[in-house]
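Chemist: Sending over a structure as structure tokens; questions will come in a sec.
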Amino acid sequence: MSRRRKDPLHPLTDDQRQELTRLSRCHSAPAVHVARAVMLLAVADGSDYQQAARAAGRRSGDAVSHLVARFNREGLAAIGPRHGGGRQPTYDAVARDRILREAARTPTPETDGTATWSLTILRRVLRTAPDGLPEVSTFTIWQVLRGAGYTFQRTRTWCPSGSAVRRRKAGVVTVTDPDAGAKKS
């Protein structure tokens, strides 16, 4: 005879049952999501935790118990994965937004020393800004930009065509290509 459940499954709403049923029959969803949906539906239909685990091709009833407790706390979000281990992300959504705002800003040659962003210059600007990130790395900036869908410095679309800012011994100089208009047409 099984023990009394400490945290029994709350009754499913119609929307939750419909979503779990759809997910349990889905062939394109990750297998873990399908298995979790099958286990939750089995428990909702009256199976004990061990039977629910076997219905999903698993062995551990304790894992079903933990899943049910998590489902009671989080709802359908319990189906998805959590952080898989390792170090927690250092920069939160606010810091990522700060990096993306800085990358979207057009650099000024006088203050930033460039007409286009590079990872190193972005790092320098973010580290020295009063509201910046004092320990951000170029790899972190690269990850945030790639995660946001940027293909960094391949097409140079945010650089004005036909002119470039160069550093010379005498100072910063703007170089203009006289054939830039002819190349575009």
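Chemist: Being among the polar types (S, T, N, Q) and farther than 22 Å from Arg5 by Cβ is the filter here, so list the residues in segment 23-58 that pass it. Before the answer, list the steps.
Modeler: Of segment 23-58, the ones among the polar types (S, T, N, Q) are 24, 28, 47, 50-51.
Passing the criteria: only Ser28.
Chemist: Does Ile79 qualify as being within 30 Å of Leu40 (Cβ to Cβ), open to solvent by less than 30 Å² (accessible area, probe 1.4 Å), modelled with pLDDT of 85 or more and among the β-branched types (Val, Ile, Thr)?
Modeler: Details: within 30 Å of Leu40 (Cβ to Cβ): yes; open to solvent by less than 30 Å² (accessible area, probe 1.4 Å): yes; modelled with pLDDT of 85 or more: yes; among the β-branched types (Val, Ile, Thr): yes.
So Ile79 fits the description; yes.
Chemist: Take the residues of segment 109-128 that are among the hydrophobic types (A, V, I, L, M, F, W, C) and under 14 Å from Arg166 (Cα atoms): which is surrounded by the fewest Cβ atoms within 10 Å (Cβ to Cβ)?
Modeler: Filtering segment 109-128 down to residues among the hydrophobic types (A, V, I, L, M, F, W, C) leaves 115, 117, 119, 121-122, 125-126.
Imposing the further condition that a residue be under 14 Å from Arg166 (Cα atoms) reduces the set to 115, 117.
On the way: Ala115: 18, Trp117: 23.
By that ranking, first place goes to Ala115.
Chemist: Within segment 82-108, track down each residue that is open to solvent by 40 Å² or more (accessible area, probe 1.4 Å) and touching a residue at least 24 places away in the same chain (Cβ under 8 Å). Please lay out each step first, then the result.
Modeler: Restricting attention to segment 82-108, the residues satisfying the condition of being open to solvent by 40 Å² or more (accessible area, probe 1.4 Å) are 82-94, 96-97, 100-101, 104-106, 108.
Across segment 82-108, the qualifying residues are Thr90, Tyr91, Arg96, Leu100, Thr106.
Chemist: Right, here's the next one. State all residues of segment 129-148 that are of a type outside the set (S, T, N, Q), open to solvent by 40 Å² or more (accessible area, probe 1.4 Å) and under 20 Å from the mean Cα position of the chain (by Cα); if no residue qualifies, say none.
Modeler: Within segment 129-148, the subset of a type outside the set (S, T, N, Q) is 129-136, 139, 141-142, 144-148.
Subsequent filtering for residues that are open to solvent by 40 Å² or more (accessible area, probe 1.4 Å) retains 130-131, 134-135, 139, 142, 146-148.
Phe139, Trp142, Arg146, Gly147, Ala148, listed by residue number.
The values are calculated or read from the model by the stated rules, or taken from the named source; none is laboratory data. All values reported here derive from a predicted model rather than from experimental measurement. Don't worry about glycine lacking a Cβ; one is built from the backbone with ideal geometry, like all the others, and counts go over all protein chains shown. SASA here: full protein model, heavy atoms, side chains in, ligands and nucleic acids out. Shrake-Rupley method; radii C 1.70, N 1.55, O 1.52, S 1.80 Å.
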